[in-house]
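Okay, structure first, notes after.
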Amino acid sequence: MQVLVIGRGGREHAIVWKLKQSPKVTKLYCAPGNAGIAAQAECVPINEHSFDELVAFAKEKHIDLVVVGPEDPLFAGAADAFEAEDIAVFGPRKDAAIIEGSKAFTKDLMKKYNIPTAAYETFDNFEEALAYVRKQGAPIVIKADGLAAGKGVTVAATLEEAEDALRTIMLDKAFGEAGDKVVVEEFLQGQEMSILSFVDGTTVKPMPAAQDHKQIFDNDEGPNTGGMGTYSPVPHIPQSVYDEAIRTIVKPTAEAMVKEGRPFRGVLFAGLMITPAGPKTIEFNCRFGDPETQVVLSRLESDLSELFLATVEGRLNEVEPKWSDESAVCVVLAAGGYPGPYNKGDVIEGLDLASESVVFHAGTAHDKEGRIVTNGGRLLGVTATGATIDEARRKAYADVDRIRYEGKQYRTDIGKKAL
């Protein structure tokens, strides 16, 4: 089987790494890929949004399966483009990817089908949003409606922060059209948990829970990022709570999308808050999370290509994914200054010394001399497994210490909540 993975981040590197282990996959391509992916797949210099070129390449190379990694091309219709040419593609169509592409759509969907989530209001007028925020008070959550690369959400501890967030999104247009509308939500307290599930429309096969660390600094301080690290399982959240989340949130959402005429096929990512009143939905994503993918796929014992095909062909009910009892921890190494402005082109050293983990590349590239250099905000996901979270942490951080580059920054507390 010949497979084309679309994307260039840590999530795509983890997907390529897992597919590479399948005896059924004879050839792997990645468009456009990165410096780490290049060691395991043939990288093709085609942008994720160049659908005509991607479809032509898939036809030329007789690709049997396309896997779309990022949310932007999915929301722009990547899956539709391949389906139109009868090319098997893993990822939801545009009309289902809206579950991530519009927070207002998703909040309205949850309200309609009584799926637990935070109370909210939606606004396209700055003055009205401001008046509502002042009436509600802080803490409060401000979200850009559209796709903002994981950075369009502000958990405002004060009214001043909330007002600044509204101005940044609606007036300064920091996220472009994604900020034409905002969702203002009640602040939920509790533990966060991510559940990714394979969904083929009607059948849902959940993956083990993971917990992400969004803030840039230790102890969940500083601005939100795309994710600074994850671990799986989440031992301090009981199995009964996980089961409740599947029963009251994940499965009803998949059913709701079918009822709405937008059947979801791909990975449905539920970002949850475990509140005193039970699990509530923070957000849905239409694809594998990053860096959740790195820890969850590290625990997958089944053939990933078979799970992808079963999802695409609507026969997920015939397969049962197998998961390791081991724990996995991923520590993200970021460029200095991230999530603000950061340098590119700094040489990364010590990657060959990382011996206790798998280092998934995200924002990396090769320079003219063939050296691996920084090329993004989040650079590497140092991912280790062990019998316990503690053992996996020790291995991951040992390798983190071996990797060097200018301005290296990372959190030192990934997985500590589980200890």
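The values are calculated or read from the model by the stated rules, or taken from the named source; none is laboratory data. Predicted model, so just to flag it, every value in this text is computed and none were measured. FYI the Cβ positions are ideal-geometry reconstructions off the backbone, even for glycines, and counts take in every protein chain you see.
Quick test for you: out of 345, 337, 350, pick the one residue that is among the small types (Gly, Ala, Ser), exposed (fewer than 15 other Cβ atoms within 10 Å of the Cβ), under 23 Å from residue 219 (Cα atoms) and outside the structural domain of residue 295 (by TED's automatic domain parsing).
337
Which condition does residue 5 not pass, out of (1) surrounded by fewer than 23 Cβ atoms within 10 Å (Cβ to Cβ); (2) part of a strand (DSSP E or B), if it passes all the others?
Every condition holds for residue 5 apart from (1).
Go through (1) surrounded by 14 or more Cβ atoms within 10 Å (Cβ to Cβ); (2) touching a Ser or Thr at 6+ places or on another chain (Cβ under 9 Å); (3) closer than 23 Å to residue 293 by Cα and name the single condition residue 324 misses.
(1)
Just give me the residues in segment 202-240 being on the phi < 0 side of the Ramachandran plot, without any contact (Cβ under 8 Å) to a residue 40 or more places away in the chain and either acidic (Asp, Glu) or assigned to a helix (DSSP H, G or I) (or both), in sequence order.
Matches in segment 202-240: 221, 239, 240.
Name the pairs whose Cβ atoms lie under 7 Å apart, with the first residue in segment 381-398 and among the hydroxyl-bearing types (Ser, Thr, Tyr), the second part of a loop (DSSP other than H, G, I, E, B) and surrounded by fewer than 23 Cβ atoms within 10 Å (Cβ to Cβ), and 6 or more positions between them or separate chains?
385/326
Please go through segment 106-131 and give me each residue that is buried (at least 17 other Cβ atoms within 10 Å of the Cβ) and not basic (Lys, Arg), ordered by number.
106, 109, 110, 115, 116, 117, 118, 120, 122, 123, 129, 130
All but one of (1) more than 19 Å from residue 258 (Cβ to Cβ); (2) touching a residue at least 60 places away in the same chain (Cβ under 8 Å); (3) crowded, with 20+ Cβ neighbours inside 10 Å; (4) not basic (Lys, Arg) hold for residue 88; state the number of the condition that does not hold.
Of everything listed in (1) more than 19 Å from residue 258 (Cβ to Cβ); (2) touching a residue at least 60 places away in the same chain (Cβ under 8 Å); (3) crowded, with 20+ Cβ neighbours inside 10 Å; (4) not basic (Lys, Arg), residue 88 misses just condition (3).
Mind counting the residues in segment 362-417 that are buried (at least 20 other Cβ atoms within 10 Å of the Cβ) and within 16 Å of residue 296 (Cα to Cα)?
11
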